[in-house]
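This report refers to the structure that appears directly beneath it.
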Amino acid sequence: MILVQRSAVIFFLIWTFITVSFASQIFVSTTGNDTTGTINRIDLPFRTIPNAISVAVAGDTIYVRGGTYTSSAKISIGTKSGASSSNMCNLWAYPGESPILDFSSMAVNSSNRGVSISGSYWYVKGFDIYKAGDNGMYISGSNNIIELCRFYENNDTGLQLDNGASNNQILNCDSYFNADLLQGNADGFSPKLNVGTGNYFYGCRAWQNSDDGWDGLLQSPNTNVSTTIENCWSFQNGYLKNGALSSGNGNGFKMGGNNMEHNAILKNCLTFDNKSKGFDQNHDLGSMTLYNCTSYRNTGYNYSIYEALDTGKILTLTNCMEFGNKRNIGAFAVLTTDSWMNPPFAVAPSAADFMSLDTTGVRGPRKSDGSLPDINFMHLASNSQFVNAGTNVGLSFIGTAPDLGCFESSVLTGVTDQSKASIPNTFTLYQNYPNPFNPSTEIGYHVASAGVVKISVYDILGQEVATLVNAQRQPGTYTVEWNAARMSSGMYFARLLLLTGKGQSFTQTRKMMFTK
């Protein structure tokens, strides 16, 4: 019996080794050939993405070289799937190059999506998707990752999740200038209709879409699904590419619809200059949780969340900022340290509370790691009453308490990128280096007074995957290494939690990107 068990273990290890070791690289180029192309040969690439998909298996990576790929037919990813989050099928832009998927020759029709994904465990990264006859990308599969893609001038929503799509991650993507013929349906991002639960957006931007930036409208009988949107910007929706008003709704974040339960969780989100409302309930009867969100200069209400929810559902707004005194929030809301509350704030926000009200840079290029650009817009001025005035809800902050709104006031003062040679008189979790990394990275932290330090690593779904430190530390600067060789590629979060002998606590989080 023992020999049988050992044999089974040895077979499993050998099978795992073979599976990992023989993962293939498949190349696609505008100068390639589907007849003579072959796998693992960069000098013999395929010509089309569908042909590359047809030969890929779990663990393979399809690299698409830069250039414009024109097609009048959609690219379907549905006949196969990856095996797991650690053994995905990868469809990536070749490093340093930008492939454009041009569907401008495609007829306008509700079935003519640009890219359609009904499979699971696909990781798509680095594509421009342009002028599809309907959605730029349509996802009905689950456990997929879409990263660093741009969706623009499509004839419906840039990226839509529907038909049971669940646990997908949309990371650092932009969706803009999308407009349907009647202008009332094309959003930037839409987790809507019969979408599944657990979908997550991080670091995305939606602007000048003919309808809404985000639309969470559900369709009967779908109900009680959850969507998380974090660190995302939505602005000037309800306007066309040429700046003219559209006939669409024009909301920044439309959280639900059709009197159904869409549990919306929004963290560190920014919305401004939309044709209609900033954060819109739109008859959502599910729970809505808004942490550290900012809304400004929307034509309608900055916050419009006033209809009674279903039994057991809760509306929570904490550390939220609203400039302009334009809100309609139900008396049933649970409010904590929001900018319009008196107490604790005797004076409403004014222009002097912000570093800048100039939107310059909001459409600018992303940083080298794909994250949103640094801007001054809507960052709190250092002397604002709303700095260090919030409530700790578990999000990253610097100082004695969180700032109000979507930005920490010190983001542009060098705290994020400061070197370890500059020792602050506070607690600090430094940005890991290198970042992105493969497979190891170093995480530094500074402790200003003695306490118990815990440094944990979480995946994109908020699950703890590693504990790196859990011990007493004296004042000083320390480093710890994390080796992610056994983890799947993607975004992770390092979190520092410190408990001092005075009963005080400090927490800070940094984003890390692991690429294989």
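The values are calculated or read from the model by the stated rules, or taken from the named source; none is laboratory data. Since the model is a prediction, treat every value here as computed from it, not as a measurement. Cβ coordinates were reconstructed from backbone atoms using ideal geometry, including for glycine residues, and neighbour counts include every protein chain displayed.
With respect to being crowded, with 24+ Cβ neighbours inside 10 Å and either basic (Lys, Arg) or part of a loop (DSSP other than H, G, I, E, B) (or both), GLY257 falls outside the description. Name every residue in region 211-241 that is part of a loop (DSSP other than H, G, I, E, B), under 18 Å from LYS277 (Cβ atoms) and touching a strand residue (DSSP E or B) at 6+ places or on another chain (Cβ under 8 Å), in order of residue number. If the condition is that a residue be part of a loop (DSSP other than H, G, I, E, B), under 18 Å from LYS277 (Cβ atoms) and touching a strand residue (DSSP E or B) at 6+ places or on another chain (Cβ under 8 Å), then ASP212, GLY213, GLY216, LEU217, CYS232, GLN236, ASN237, GLY238 are the ones that fit.
To keep it simple, each residue is scored yes or no on (1) of a type in the set (A, V, I, L, M); (2) on the phi < 0 side of the Ramachandran plot; (3) touching a residue at least 40 places away in the same chain (Cβ under 8 Å); (4) outside the structural domain of TRP233 (by TED's automatic domain parsing).
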position: LYS277; (1), (2), (3), (4): no, yes, no, no
position: HIS283; (1), (2), (3), (4): no, no, no, no
position: TYR291; (1), (2), (3), (4): no, yes, yes, no
position: THR294; (1), (2), (3), (4): no, yes, yes, no
position: ARG297; (1), (2), (3), (4): no, no, no, no
position: THR311; (1), (2), (3), (4): no, yes, no, no
position: ALA333; (1), (2), (3), (4): yes, yes, no, no
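Do we find a residue being farther than 24 Å from GLY196 by Cβ and touching a residue at least 40 places away in the same chain (Cβ under 8 Å) anywhere in region 253-266? Within region 253-266, not a single residue is farther than 24 Å from GLY196 by Cβ and touching a residue at least 40 places away in the same chain (Cβ under 8 Å). Counting only residues that are closer than 19 Å to ILE375 by Cα and buried (at least 17 other Cβ atoms within 10 Å of the Cβ), region 321-360 holds 7 of them.
Of the residues making up region 108-146, those that are in a loop (DSSP other than H, G, I, E, B), within 20 Å of TYR202 (Cβ to Cβ) and touching an Asp or Glu at 6+ places or on another chain (Cβ under 9 Å) are GLY126, GLY136. Restricting THR311, THR299, THR316 to residues that are outside any loop (DSSP other than H, G, I, E, B), at pLDDT 95 or above and β-branched (Val, Ile, Thr) narrows the list to THR316. Are any of the residues in region 89-96 in the same structural domain as GLY136 (by TED's automatic domain parsing), surrounded by fewer than 22 Cβ atoms within 10 Å (Cβ to Cβ), in contact (Cβ under 8 Å) with a residue 60 or more places away in the chain and in contact with a Lys or Arg (Cβ under 6 Å, 6 or more places away or on another chain)? Within region 89-96, one or more residues are in the same structural domain as GLY136 (by TED's automatic domain parsing), surrounded by fewer than 22 Cβ atoms within 10 Å (Cβ to Cβ), in contact (Cβ under 8 Å) with a residue 60 or more places away in the chain and in contact with a Lys or Arg (Cβ under 6 Å, 6 or more places away or on another chain).
In region 407-420, is there at least one residue being in a loop (DSSP other than H, G, I, E, B) and modelled with pLDDT of 90 or more? Looking through region 407-420, at least one residue is in a loop (DSSP other than H, G, I, E, B) and modelled with pLDDT of 90 or more. Being at positive phi, in the same structural domain as ILE265 (by TED's automatic domain parsing) and modelled with pLDDT of 95 or more holds for only one residue in THR337, THR359, and it is THR337. Which of the residues belonging to region 358-384 are within 22 Å of PRO402 (Cβ to Cβ) and of a type in the set (A, V, I, L, M, F, W, C)? Those that are within 22 Å of PRO402 (Cβ to Cβ) and of a type in the set (A, V, I, L, M, F, W, C): LEU372, ILE375, PHE377, MET378, LEU380, ALA381.
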